[in-house]
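K.L.:
One structure follows; several queries about it will come next.
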Amino acid sequence: MRKSFKLDEIDCAVCAGKLEDAIKKLDGVTDAKVNFLTQKLTLEAADETFEDVFESVVRLTADIEPDCEIVR
């Protein structure tokens, strides 16, 4: 499954790259793209584990970029 989410308050392209790299390393993530210009996260994971993977991504994002929020 692939879904896109708006990122609110991601500060710079370097931060976006750091976040993308960290998300790609999470268990269950097939692929991830963080686009600073469009302020968008595209997340790909297996259908049956997508919600659990997404929750891990939300927690990771809060740790790496506390001001950034993923909007569903």
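The values are calculated or read from the model by the stated rules, or taken from the named source; none is laboratory data. All figures in this text were calculated on a predicted structure; none of them were measured in a lab. Heads up, the Cβs are rebuilt from the backbone with ideal geometry, glycines too, and the neighbour counts pull from every protein chain shown. In case anyone asks, the SASA skips ligands and DNA or RNA and just uses the protein heavy atoms, side chains included. Shrake-Rupley method; radii C 1.70, N 1.55, O 1.52, S 1.80 Å.
K.L.:
Determine if region 25-38 includes at least one residue that is among the basic types (Lys, Arg), assigned to a loop (DSSP other than H, G, I, E, B) and modelled with pLDDT of 95 or more.
P.N.:
Residues of region 25-38 that are among the basic types (Lys, Arg), as a first pass: 25, 33.
Now restrict to residues that are assigned to a loop (DSSP other than H, G, I, E, B): 25.
Pick out the ones that are also modelled with pLDDT of 95 or more and you get 25.
Within region 25-38, one or more residues are among the basic types (Lys, Arg), assigned to a loop (DSSP other than H, G, I, E, B) and modelled with pLDDT of 95 or more.
K.L.:
OK, next. Tell me which residues, restricted to region 34-64, are among the β-branched types (Val, Ile, Thr) and in contact (Cβ under 8 Å) with a residue 40 or more places away in the chain.
P.N.:
Thr42, Thr61, Ile64
K.L.:
Within the bounds of region 3-18, is there any residue that is part of a helix (DSSP H, G or I) and not hydrophobic (A, V, I, L, M, F, W, C)? Outline the logic, then answer.
P.N.:
Filtering region 3-18 for residues part of a helix (DSSP H, G or I) gives 13-18.
Now drop any that are not not hydrophobic (A, V, I, L, M, F, W, C), which leaves 17-18.
Yes, region 3-18 contains a residue that is part of a helix (DSSP H, G or I) and not hydrophobic (A, V, I, L, M, F, W, C).
K.L.:
Okay, moving on. Return a yes/no flag: does region 5-20 have any residue that is surrounded by fewer than 16 Cβ atoms within 10 Å (Cβ to Cβ) and under 9 Å from the mean Cα position of the chain (by Cα).
P.N.:
no
K.L.:
I would also like to ask the following. Given (1) open to solvent by 30 Å² or more (accessible area, probe 1.4 Å); (2) within 10 Å of the chain's Cα centre (by Cα); (3) among the small types (Gly, Ala, Ser), where does Gly28 come up short, assuming only one miss?
P.N.:
Condition not satisfied by Gly28: (2).
K.L.:
Considering only region 39-72, state which residues are closer than 17 Å to Glu9 by Cβ, in a strand (DSSP E or B) and open to solvent by 30 Å² or more (accessible area, probe 1.4 Å).
P.N.:
Within region 39-72, Lys40, Glu69, Val71 qualify.
Per-residue answers, yes or no, for (1) free of Cβ contacts under 8 Å to residues at least 24 places away in the same chain; (2) out of contact with any strand residue (DSSP E or B) (no Cβ under 9 Å at 6 or more places or on another chain); (3) closer than 13 Å to Lys3 by Cβ:
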{"residue": "Leu19", "(1), (2), (3)": "no, no, no"}
{"residue": "Ala32", "(1), (2), (3)": "no, no, yes"}
{"residue": "Pro66", "(1), (2), (3)": "yes, yes, no"}
{"residue": "Arg72", "(1), (2), (3)": "no, no, yes"}
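K.L.:
Of all residues in region 4-31, which are under 19 Å from Pro66 (Cα atoms) and of a type in the set (A, V, I, L, M)?
P.N.:
Leu7, Ile10, Ala13, Val14, Ala16, Leu19, Ala22, Ile23, Leu26, listed by residue number.
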